[in-house]
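Notes for the one structure printed next.
The values are calculated or read from the model by the stated rules, or taken from the named source; none is laboratory data. In this text, all values refer to a predicted model and were calculated from it rather than measured experimentally. No Cβ is skipped: glycine too gets one built from the backbone with ideal geometry, and neighbour counts run over all protein chains shown.
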Amino acid sequence: MIASAEKLIDNRTNSVLAGLEPAIFFKFFEELSAIPRGSFNEKQVSDHIAVFARKRGLEVCQDDIWNLLIKKPGTPGYEDAPTLILHGHTDIVCESDEGVEHDFLNEGIKLRVEGDFIHGTGTTLGADNTVGVAFAMALLASDDIPHPPLEVVLTVQEEVGKGGAQHFDGSKLTGKRLLDMNWHDPKSLFAGCAGDISARLKIPLKWTDRADGQTGAVLRVSGLSSGHSEFDIHLERANAIAVLGRLLRLAMREAGVSVAKVSGGVNRYVIPGEAEAQISVDVSRLAALKAAIKAEGKAIAAEYSTSDPGLKISLTEADIEARSVFAPEVAKAMVNAMNLLPNGVQSRSLIVDGLVESSNTVALISNDQDRIEIVSTIPSAVSSRRYNIVDRIRELSEVIGLGATVETFADCPEWPYNPDSRMLAAGLAAYYNEFGEKPHVEVSHSSLELGLFRKKVPGIDMLSIGPEAFDVHTTRERLNHSTVDSTWRLLKALLSELRT
């Protein structure tokens, strides 16, 4: 796959992105896009970048889970400047449209350009964070851009709990300044973010025989806008798992349905856009159930007519293989959890106007033979609020009973805004010198790996920049290629500012 990617890039006349500027960035963006690199599948892209760096005589450290640290000396006149850490992550969210078959384990992203935007073809684009990696490679490959000594850190498993940053050995870094390239607004500097933690609610699963005289059906929620669970949480979009919980509550109450299987969501950092349950219902009650679901669906659609006009709810008769269904008490506990788990914005900042302070996204639901699992992701700029939401989920598990438990993972601290940051001052100066105006300074509800680097490297000073991207983590994801050049200019100007 790598060889074919290199062949594609070598022949720019066959390149989808040929003619876009800066050419060096789009060369690497397209090269990376041709390589499969979903979370936990980063070895190929990591090896590819390691070979690229070693060919240029650069020092490369590749750890056991395929994180990369690449070092490049400062250019003449910058040899003694403070070392700068450049950061991005190599993995992407892998999601495809319904009906689109794409083998993310073995296929890269099929790029297409429409006007000012680069898209995937029926899939996520992966601009988050192919952009950051491509910028880093462009800078490592250049021989005419002044810069301080560089330590390029490219992490893995960012999209599934920041596993790469959790694992990375911070003692290998000498720099105390970090520039992250995982921001999505070219007119602003990103200067602070929330931390997050995930909670897995597990309900032991007991089964019972499916009753005679019942027919199978699939209750499905689809067509939702979805989106990034942190960047987009303030948009009040519908959550497919929460909607499915409402519908199952109705179906159990009105028609005594049984549940044979449940699934929903694609990633911890994605607002679930689809969810479904395989159910079993008495044939004599099917018509009444369809009418009740239709009426409830109409009411829910009205609630989300502005934020999620594409909402679809369907109840379709279908043969289901299962001869066993969830025991009634387990199904009731699951539905109670789906409806009572905190979901959406939980608090807003009293310091930064309009900023979401804490939230929870019920992101994933699934079952196997032994248990039902519901995963929530909880970002917050204030640690105590984050852990309070976890405690509420634990208390819910105690109320549910039946041996339900909660385990937490991927605990990442926040990165507080520092108005006296040297990196921020350099960014403001570089932006004004390059464009003649002041940028916005943003503090976001999103949780990046930067809180972990703050923990691993005491005294580190950080900033994040990037070109314009929309609807990341969805199949509508798109990169505004016309904003890449201004970000490249800002990057070079910022490197100049960091000589001292």
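Here are the numbers for this structure:
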| item | result |
| --- | --- |
| Given (1) touching a strand residue (DSSP E or B) at 6+ places or on another chain (Cβ under 8 Å); (2) free of Cβ contacts under 8 Å to residues at least 24 places away in the same chain, number of the condition Ala302 does not satisfy | (1) |
| Matching residues in the stretch 165-195 - criterion: being acidic (Asp, Glu) and in contact with a helix residue (DSSP H, G or I) (Cβ under 7 Å, 6 or more places away or on another chain) | Asp180 |
| Ser39, sole failed condition from (1) touching a His at 6+ places or on another chain (Cβ under 7 Å); (2) more than 22 Å from Leu173 (Cα to Cα); (3) at pLDDT 95 or above | (1) |
| Number of the exception - Glu329 against (1) part of a strand (DSSP E or B); (2) over 21 Å from Leu224 (Cβ atoms) | (1) |
| Among (1) over 19 Å from the mean Cα position of the chain (by Cα); (2) crowded, with 24+ Cβ neighbours inside 10 Å; (3) polar (S, T, N, Q) - the single one Asn239 does not satisfy | (1) |
| Extreme residue, modelled with the lowest pLDDT, among residues of the stretch 356-410 that are assigned to a strand (DSSP E or B) and among the acidic types (Asp, Glu) | Glu357 |
| Test: residue in the stretch 188-208 that is touching a Lys or Arg at 6+ places or on another chain (Cβ under 7 Å), charged (D, E, K, R) and part of a loop (DSSP other than H, G, I, E, B) | no |
| Qualifying residue in the stretch 308-323 (condition: exposed (fewer than 14 other Cβ atoms within 10 Å of the Cβ), assigned to a strand (DSSP E or B), over 25 Å from the mean Cα position of the chain (by Cα) and of a type in the set (Asp, Glu)) | yes |
| Answer residue from the stretch 213-228, given it is of a type outside the set (A, V, I, L, M) and part of a strand (DSSP E or B) and is nearest to Arg246 (Cα to Cα) among those | Arg220 |
| The stretch 250-300, subset among the basic types (Lys, Arg) and outside any helix (DSSP H, G or I), residue farthest from Ala318 (Cα to Cα) | Arg268 |
| Hey, Asp411 in contact with a Lys or Arg (Cβ under 6 Å, 6 or more places away or on another chain) and buried (at least 18 other Cβ atoms within 10 Å of the Cβ) or not | no |
| Residue in the stretch 322-338 that is within 22 Å of Ile374 (Cα to Cα) and charged (D, E, K, R) present | yes |
| Residue within the stretch 166-185 that is under 30 Å from Pro379 (Cα atoms), of a type in the set (Phe, Trp, Tyr), surrounded by fewer than 21 Cβ atoms within 10 Å (Cβ to Cβ) and touching a residue at least 40 places away in the same chain (Cβ under 8 Å) present | no |
| Residues satisfying the stated conditions in the stretch 431-467, i.e. modelled with pLDDT of 95 or more, surrounded by 21 or more Cβ atoms within 10 Å (Cβ to Cβ) and in a loop (DSSP other than H, G, I, E, B) | Ile465, Gly466, Pro467 |
| Checking Met338 against (1) in a loop (DSSP other than H, G, I, E, B); (2) touching a helix residue (DSSP H, G or I) at 6+ places or on another chain (Cβ under 8 Å), the condition it does not meet | (1) |
| Subset of the stretch 148-157 (residues that are in contact with a strand residue (DSSP E or B) (Cβ under 6 Å, 6 or more places away or on another chain) and either among the hydrophobic types (A, V, I, L, M, F, W, C) or at pLDDT below 95 (or both)) | Leu150, Val152, Val153, Leu154 |
| Pairs with Cβ under 9 Å, 6+ apart, first in the stretch 192-219 and not assigned by TED's automatic domain parsing to the domain that holds Val443 and basic (Lys, Arg), second modelled with pLDDT under 95 and not in a strand (DSSP E or B) | Arg210/Ile320; Arg210/Ala322; Arg210/Arg323 |
| Residues that are aliphatic (A, V, I, L, M) and part of a helix (DSSP H, G or I), drawn from the stretch 14-36 | Ala23, Ile24, Leu32 |
| Among (1) more than 30 Å from Ser482 (Cα to Cα); (2) surrounded by 22 or more Cβ atoms within 10 Å (Cβ to Cβ); (3) at pLDDT below 95, the one test that Ala211 misses | (2) |
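Residue-by-condition table, conditions (1) over 17 Å from the mean Cα position of the chain (by Cα); (2) crowded, with 19+ Cβ neighbours inside 10 Å:
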| position | (1), (2) |
| --- | --- |
| Leu340 | yes, no |
| Gln346 | yes, yes |
| Ser349 | yes, no |
| Asp353 | yes, no |
| Asn360 | no, yes |
| Ile372 | yes, yes |
| Val375 | no, yes |
| Val382 | yes, no |
| Arg386 | yes, yes |
